[in-house]
Amino acid sequence: MIALFKGEDAIARKQALDQAVRSWLGPRAEDPYSKETIHVEDTSQEISPLDRFFLASGGTSLFSEQKAVILQGVDKLKAAQLDELTSLFSQENSSTGFFFEADKLNGNLRFSKTIKKLGKVYNFDQPKPWEMGKWLQSRAPHHGFRIDASTADFFIELTGPDQTKLDNELAKLRNYDLNATQITHSMLNTVVVS
């Protein structure tokens, strides 16, 4: 399994990546040894993130028959490093799933073309500014809310169109009123503005 999740809609991208990993691992999805996530900018370990990725890709652990290796931030790698990653795809390894995540990645790179040929590329573009109200209306149910169009527009006026900030404010609203099902202007004035 090889998959690339790219695009600036980080929330949808992360949800789709998590779902794909759970689906690929099946009953092993809850096994902590079956998944390893590495971010290319994480320098907290003695070995580089890319070397950690190659070590993790070498096979399964003693505790799990199948493994998902997730490399986040592949768009931060140089072309030569991406080519090095591409060499992994020629090695048959049915017990390890490779999942890559990026904000932006050139589709003309050898890395991108190889994933497209051997696996799947999922694109998650940021909604356009005029689509943010509909996005917010579709996101609110994830927090147990409904929101009408005019309230969604007001919400965006208060916070701006940043999806992560909007999602965090939805979580804050949920904590404010655990029983509410509808987001109102007064809730927004009380919680979001303060």
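The values are calculated or read from the model by the stated rules, or taken from the named source; none is laboratory data. Note that the coordinates shown come from a computational prediction; the quantities given were computed from them, not determined experimentally. We place every Cβ from the backbone using ideal geometry, glycine too, and count neighbours over all the protein chains shown.
Numerical summary
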read-out: Yes/no for residue 41 being touching a residue at least 24 places away in the same chain (Cβ under 8 Å) and surrounded by fewer than 16 Cβ atoms within 10 Å (Cβ to Cβ); value: yes
read-out: Residue count for region 160-193, restricted to those that are among the β-branched types (Val, Ile, Thr) and assigned to a loop (DSSP other than H, G, I, E, B); value: 4
read-out: Every residue from region 160-179 that is at pLDDT 90 or above and among the hydrophobic types (A, V, I, L, M, F, W, C); value: 166, 170, 171, 173
read-out: Counted residues, region 103-143 - those being closer than 22 Å to residue 167 by Cβ, among the aliphatic types (A, V, I, L, M) and out of contact with any Leu (no Cβ under 7 Å at 6 or more places or on another chain); value: 1
read-out: Filter result (in a helix (DSSP H, G or I), hydroxyl-bearing (Ser, Thr, Tyr) and surrounded by 15 or more Cβ atoms within 10 Å (Cβ to Cβ)) within region 116-159; value: 151, 159
read-out: Verdict on residue 52 being free of Cβ contacts under 8 Å to residues at least 60 places away in the same chain and among the basic types (Lys, Arg); value: yes
read-out: Out of 168, 179, 175, sole residue that is surrounded by fewer than 13 Cβ atoms within 10 Å (Cβ to Cβ) and over 19 Å from residue 11 (Cβ atoms); value: 179
